[in-house]
């Protein structure tokens, strides 16, 4: 089982300042640890540490919303007279 996405975002926020302040060798060590922890590829990890996590995608923000079941939905009659 992997690390949750929220935990990865928190890790990015915590490490970004250290990454920016580090010299070239330090950045390499931080990057190696970050990649080993999260399982991200190096290029994506560099992008995250430089720019931060991307904003959440539309429709994936709130998982607490309950949707009606298909069987409970009322559909209009598509072909009258059948």
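Calculated over region 1-53, the projected area of the Cα convex hull averaged across directions stands at 3.3 nm². Under the simplified labelling scheme, the residue 17-residue 58 pair shows an inter-label distance of 3.5 nm, with each label point 7 Å from Cα along Cα→Cβ. Per-residue Cβ neighbour counts within 10 Å put 33, 23, 9 in the sequence 23, 33, 9, beginning with the fewest.
Can you sort 12, 35 from fewest to most other Cβ atoms within 10 Å of each residue's own Cβ? Before the final figure, lay out each step's value.
On the way: 12 19, 35 15.
Ordered from fewest to most neighbouring Cβ atoms within 10 Å, 12, 35 come out as 35, 12.
Tell me, what is the FRET efficiency for residue 6 and residue 29 to the nearest 0.05, using R0 = 30 angstrom and their Cβ-Cβ distance as r?
On the way: r = 25 Å, r/R0 = 0.84.
It comes to 0.75.
Just so you know, all these numbers are worked out from the coordinates, no wet-lab data involved. Keep in mind it's a predicted model, so treat the numbers as computed, not measured. No Cβ is skipped: glycine too gets one built from the backbone with ideal geometry, and neighbour counts run over all protein chains shown.
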